[in-house]
Amino acid sequence: MRPIPILLALMVCAAISYFILKGGNTVKPTENAAGVSIAADDFPPVSVLLQKSTAQAVTSGIVLRGQTEAFRQIKVLAETSGKVISQPLRKGALVTKDQLLCELEVGTKSAALAEAKARFEEAKANNKGSQSLVEKGIISETAAFSREASLESARVNVDRAMRELDNLKITAPFSGLLESDTAEFGSFMSQGSACGTVLELDPMKLVGFATEQQVARITLGAIAGARLLSGQEVQGEVTFVSRRADSITKTFRVEITVPNNDDRLSDGSTADIFIALSGEKGHLLPQSALTLNNDGILGIRAAKDGKAKFIPISIIRDSVEGVWVSGLPEQLDIIVVGHEYVIDGREISVTYKEGQ
């Protein structure tokens, strides 16, 4: 066995180990012009480009997918029975409040009212002077109470008969649009039958569903708007935020009321809803300024006392100009070029963007 090759191999391994432990630098320290010793493994400051940034009010918001919905929708029902004697109104017709929708035949209802009035007059005559008769001992108090009860019953029957006559005319509860035809002429309507369906479309509701994180940021009265598939844009305010989540989707119902004076909005149209949020401040930065630290946390690197410093951030929203972020001080110098080549505490040589 030859010892010389083995000895040479051992010497090479020792040299490589020494080179690695020294960080790949085996040059001896040198002296600068002032005679100060400089270690070869001391790195010079990294040149970076800084951008001065000041927090601003952010116009941010929440986007929901939703649809338009009639402000009110009521199926007008008959409160009495009878044959329809009015001509029907066709669906799509505009109606005003108290406009006649369906009229029923009087039939025997007028006779029932006349009978009820006669019974009332009879009961009133029987009850007349009943108290004086009790005092004279002609009738008992129980009989007097019975006469008074009969009088009240007769009065109620008169009111009921008059209401039956009033219910023969079925009117619109509010101004709106007929969603269905009213009852046909000659058809029979029983109590509870539908005369027609009326929609109130002015104002109109925009209905969307927010997640648990989104609903916590939505407040009543917040400004909101929407864009329909047709391209039409509308604006209103938040009028209802549900505090009970849907049992299946676990989302919360949000309603926005918008004007519909020109009747251009229809019930059930798809809409992209934007709800504005206020009171939030942030910094507008180029997306290229964002970076990750060794733990995978999103943030930026800023200049502080001539050294680089990593600061975590939260994204508020994207925009054409850049990205709005929060979690930063009111004012700071952000490294926008060179941030990928420095770590916390690394000395930097700074240059500011033009105009700053």
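FYI, it's all coordinate maths here, none of it is from the lab. Keep in mind that this is a model prediction, so the values were computed, not measured. Reconstructed Cβ throughout: ideal geometry from the backbone, glycine too, with neighbour counts over all protein chains shown.
Tabulated values for the structure
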read-out: Scattering profile of the stretch 263-336 at q = 0.24 Å⁻¹ [log10 I(q)/I(0), Debye over alpha-carbon scatterers]; value: -1.16
read-out: Semi-axis lengths, Å, the stretch 75-196, gyration tensor of Cα atoms, sqrt of 5 times eigenvalues; value: 44, 13, 9
read-out: Long-range tail of P(r) for the chain (Cα pairs > 34 Å, %); value: 65
read-out: Nitroxide proxy distance, nm - points 7 Å out along Cα→Cβ at LYS169 and LEU220; value: 3.8
read-out: Residues LEU104, LEU290 arranged by fewest to most Cβ contacts within 10 Å; value: LEU290, LEU104
read-out: Charge dipole (the chain, unit charges on Cβ, about Cα centre) - positive-most of THR270, ALA226, ALA289; value: ALA289
read-out: Pairs beyond 31 Å (Cα-Cα), from LYS128/LYS169; LYS83/LYS124; LYS83/LYS128; LYS75/LYS117; LYS91/LYS250; LYS75/LYS109; value: LYS128/LYS169; LYS83/LYS124; LYS83/LYS128; LYS75/LYS117; LYS91/LYS250
read-out: Descending principal axes extents, the stretch 168-214, alpha-carbon based, whole Å; value: 56, 20, 16
read-out: Residue of LEU101, LEU292, LEU178 that the Gaussian network model of the chain assigns the largest fluctuation, springs spanning Cα pairs under 10 Å; value: LEU292
read-out: Nitroxide proxy distance, nm - points 7 Å out along Cα→Cβ at SER193 and GLN232; value: 3.6
read-out: Between helix 141-166 and the chain: long-axis angle, C-alpha atoms, 0 to 90°, nearest 10; value: 70
read-out: Residue order, fewest to most beta carbons within 10 Å, for CYS13, CYS102; value: CYS13, CYS102
read-out: Extension reserve of the ARG90-LEU49 stretch, reckoned as 0.36 nm per residue once the Cα distance is removed; value: 7.6 nm
